[in-house]
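Report on the structure given below.
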Amino acid sequence: MSILSFSNLSYSYDKKKNVFSNISAEMELGKIYAILGQSGCGKTTLLSLLGGLDSATKGKILFNGEDIMEKGLANHRRNHVSFVFQAYNLIDYMTPLENVKLTSKLPPEPILEKMGLTKEEMKRNVLQLSGGQQQRVAIARALASEAPVILADEPTGNLDEDTAMSIMQILENNVRQMNKCAIIVTHSNEIAKRADVILQLKRGTLQKIENQKKNDK
């Protein structure tokens, strides 16, 4: 059974400019989904709808089979999803330890250690960390949350290729180990190839495309 699904979803600006129409998909726990598409195609808009940050013009989004509108978008954001943003969105006057504590009652050290931070780095102000380290903290914060769905908007967009692939590997491993569902918006084919399922948003439609790299493994 899917943890998150949407059917016949449409979104338009001011009921005039159509971003996408009647798109549908299902997402399961333990898998990574990539939403691929060019800039301006509506990827971030779709992620915002799935995270309860905005409302669709038409269609339904279900979490565990229940309409997120009926339970309330605030409830959905608070309990069901966690976000990873390209710009990190960390609390900049806090340390990595303090940032992760905001989303979890569990000790933050183990998840930060999994993300490759040293004990000394965990205690620094986040602004003293590199971009790659800050993104690791942002992902640790999402993983530490009890929310089963991670929504990541271009999470490696500000990083060099080697760092991006390293972070994707860590995210992939932890999604499997913790049985979470990660939905990643990206314009990078290389990042998309790391996903279990690739969905391409193009000209207002959403299509599942074959991930040859995964199939070759």
I'd like the residue in the range 3-17 that is touching a residue at least 40 places away in the same chain (Cβ under 8 Å) and surrounded by fewer than 18 Cβ atoms within 10 Å (Cβ to Cβ) and, out of all such residues, is farthest from the chain's Cα centre (by Cα). LYS15
Taking the range 66-77 on its own, how many of its residues are surrounded by 15 or more Cβ atoms within 10 Å (Cβ to Cβ) and either β-branched (Val, Ile, Thr) or closer than 11 Å to PHE6 by Cα (or both)? 1
Quick check on the range 67-86. Is at least one of its residues assigned to a strand (DSSP E or B) and over 16 Å from LEU143 (Cα atoms)? yes
Take the residues in the range 83-112 that are of a type in the set (Ser, Thr, Tyr) and under 22 Å from GLN177 (Cα atoms), then tell me which one is farthest from the chain's Cα centre (by Cα). SER104
Within the range 39-65, which residues are of a type in the set (D, E, K, R) and either within 15 Å of the chain's Cα centre (by Cα) or surrounded by 13 or more Cβ atoms within 10 Å (Cβ to Cβ) (or both)? LYS43, ASP54, LYS60
So for the range 18-28 (the condition being among the small types (Gly, Ala, Ser) and either crowded, with 19+ Cβ neighbours inside 10 Å or farther than 26 Å from LYS193 by Cα (or both)), does at least one residue qualify? yes
Take the conditions at pLDDT below 95, of a type in the set (Val, Ile, Thr) and within 19 Å of SER145 (Cβ to Cβ) and apply them to VAL84. Does it pass? yes
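Condition test on GLU121, is it modelled with pLDDT of 90 or more, more than 23 Å from LYS43 (Cα to Cα), surrounded by 15 or more Cβ atoms within 10 Å (Cβ to Cβ) and touching a helix residue (DSSP H, G or I) at 6+ places or on another chain (Cβ under 9 Å)?
For GLU121, the condition - modelled with pLDDT of 90 or more, more than 23 Å from LYS43 (Cα to Cα), surrounded by 15 or more Cβ atoms within 10 Å (Cβ to Cβ) and touching a helix residue (DSSP H, G or I) at 6+ places or on another chain (Cβ under 9 Å) - is met.
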Need a quick list: helices (runs of 4 or more DSSP H) entirely within the range 158-217 having at least 3 residues that are in contact (Cβ under 8 Å) with a residue 60 or more places away in the chain. 161-178, 189-192
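The values are calculated or read from the model by the stated rules, or taken from the named source; none is laboratory data. Given the structure is predicted, the values throughout are model-derived calculations rather than measurements. FYI the Cβ positions are ideal-geometry reconstructions off the backbone, even for glycines, and counts take in every protein chain you see.
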